[in-house]
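Trainee: Can you read through this structure? Questions will come right after.
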Amino acid sequence: MKEIFHSQLKKSRYVAVLTGAGVSAESNIPTFRGSGSNSLWKNHEVTQVACPQAWEKDPGLVWEFYNYRRKMMGDKKFNLAHKALADLEKKLQDQQKTFSLITQNIDDLHFDAGSKNVTRLHGSIWMVRCCKCGYVEKNREVPITNAFNQESSGEKNHYKVEDLPKCKQGCDGILRPNVVWFGESLSKSNINQAFLSAQNCDLFLVIGTSSLVQPASSLIQIAKSSGAKTAVINLEETVADHDADFVFHGKAGEILPELFSV
Ligand SMILES: [Zn+2]
């Protein structure tokens, strides 16, 4: 199957890729997926912390969660899967071909690896947005403010509004993580970009995602019905497998370098 994929890749003029948590997991980034203890942070269901209702009620708790995640992600490095995708983009560009990467991951490791044409469907944990004026900026501060500069003792901390990061544009609004929370819509322009890529590509790769969540589940269908060949690369079987022209099970960090070596 690899040989057929290689010849497909060679003749493709536009390659689009969708990546998900599986790619980050290979960099040891915890994903809070599934059920049971995997989906819990300090005994909170993550879906109950990463949501607008939690922010309304207790923004300090929400920032405590994101401060923790930023701390966890801060020292993580991109892996061979990220590298293979960045190398592929460069190679295709040199051949005057098009490459676009759509990711569900918020860790920005694709950028660290050198990818350029990246659409972050769920935002970035390294960006903040002012709740008052909407200003978005990069922010790599860990801890997010000095108030969060304490080892987690396991005790219940309570952060007040004055502990939270503030907008520096003079409006004094509170900054929030610029990520898409559960119950929030993805940005229109990001969705449009993702759909355009799926429609226009001639090879669509789905990597490290179960393809259960929208719009991921639609994108492979759109690519297929627009005439693209499709490939799924994932540790385990996914619902998208039986629709795909190519299926490779295993670690993306091991499979991609081989798949792209043409
Ligand atoms: Zn502001």
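Trainee: Go through the residues of region 192-199 one by one and say whether even a single one is crowded, with 22+ Cβ neighbours inside 10 Å and more than 30 Å from W63 (Cβ to Cβ).
Mentor: Yes - at least one qualifying residue is present in region 192-199.
Trainee: Same structure, new question: Could we say that L205 is closer than 22 Å to S27 by Cα and under 19 Å from the mean Cα position of the chain (by Cα) here?
Mentor: For L205, the condition - closer than 22 Å to S27 by Cα and under 19 Å from the mean Cα position of the chain (by Cα) - is met.
Trainee: Could you tell me which of the residues V15, V23 is open to solvent by less than 50 Å² (accessible area, probe 1.4 Å) and either in a strand (DSSP E or B) or of a type in the set (D, E) (or both)?
Mentor: Exactly one of V15, V23 is open to solvent by less than 50 Å² (accessible area, probe 1.4 Å) and either in a strand (DSSP E or B) or of a type in the set (D, E) (or both), namely V15.
Trainee: Just give me the residues in region 107-141 being part of a helix (DSSP H, G or I) and of a type in the set (F, W, Y), in sequence order.
Mentor: F111 - this is the single residue of region 107-141 that is part of a helix (DSSP H, G or I) and of a type in the set (F, W, Y).
Trainee: If you take the residues of region 177-190 that are among the polar types (S, T, N, Q) and more than 13 Å from the ligand (Cβ to nearest atom), which of them is nearest to W63 (Cα to Cα)?
Mentor: S185
Trainee: Going residue by residue through region 114-131, is there one that turns out to be within 16 Å of the ligand (Cβ to nearest atom), open to solvent by 40 Å² or more (accessible area, probe 1.4 Å) and at pLDDT 95 or above?
Mentor: Checked against the condition, which is being within 16 Å of the ligand (Cβ to nearest atom), open to solvent by 40 Å² or more (accessible area, probe 1.4 Å) and at pLDDT 95 or above, region 114-131 yields at least one hit.
Trainee: Something else now. Based on this model, can you work out whether A50 counts as touching a Ser or Thr at 6+ places or on another chain (Cβ under 8 Å) and open to solvent by less than 10 Å² (accessible area, probe 1.4 Å)?
Mentor: For A50, the condition - touching a Ser or Thr at 6+ places or on another chain (Cβ under 8 Å) and open to solvent by less than 10 Å² (accessible area, probe 1.4 Å) - is not met.
Trainee: Picking from E184, E162, which residue would you name as being over 23 Å from D112 (Cα atoms), in contact with a Pro (Cβ under 9 Å, 6 or more places away or on another chain) and acidic (D, E)?
Mentor: Checking each option against the conditions leaves just E184.
Trainee: May I ask you to list the residues in region 191-214 that are modelled with pLDDT under 95 and of a type in the set (S, T, N, Q)?
Mentor: Matches in region 191-214: T209, S210, S211, Q214.
Trainee: Evaluate the following for N79: is it within 30 Å of S197 (Cβ to Cβ) and either in contact with a strand residue (DSSP E or B) (Cβ under 6 Å, 6 or more places away or on another chain) or touching a residue at least 12 places away in the same chain (Cβ under 8 Å) (or both)?
Mentor: Yes.
Trainee: Going through Q96, Q104, Q169 one at a time, which residue ends up being open to solvent by 10 Å² or more (accessible area, probe 1.4 Å) and within 16 Å of the ligand (Cβ to nearest atom)?
Mentor: So the residue among Q96, Q104, Q169 that is open to solvent by 10 Å² or more (accessible area, probe 1.4 Å) and within 16 Å of the ligand (Cβ to nearest atom) is Q169.
Trainee: Let me ask something else. Could you pull out every one of the strands (runs of 3 or more DSSP E) wholly within region 149-262 that has 3 or more residues that are among the aliphatic types (A, V, I, L, M)?
Mentor: 203-207, 229-234
Trainee: Quick one: I174 ticks every box in (1) more than 16 Å from the ligand (Cβ to nearest atom); (2) open to solvent by 30 Å² or more (accessible area, probe 1.4 Å) bar one, so which box is it?
Mentor: (1)
Trainee: Where residues in region 77-93 are part of a loop (DSSP other than H, G, I, E, B) and in contact with an Asp or Glu (Cβ under 7 Å, 6 or more places away or on another chain), which of them is least open to solvent (accessible area, probe 1.4 Å)?
Mentor: N79
The values are calculated or read from the model by the stated rules, or taken from the named source; none is laboratory data. A quick note: this is a predicted structure, and the numbers were derived from the prediction, not measured. In this analysis, Cβ positions are derived from the backbone assuming ideal geometry, glycine residues included, and neighbour counts consider all displayed protein chains. Heavy atoms of the whole protein, side chains included, go into the accessibility calculation; ligands, DNA and RNA do not. Shrake-Rupley method; radii C 1.70, N 1.55, O 1.52, S 1.80 Å.
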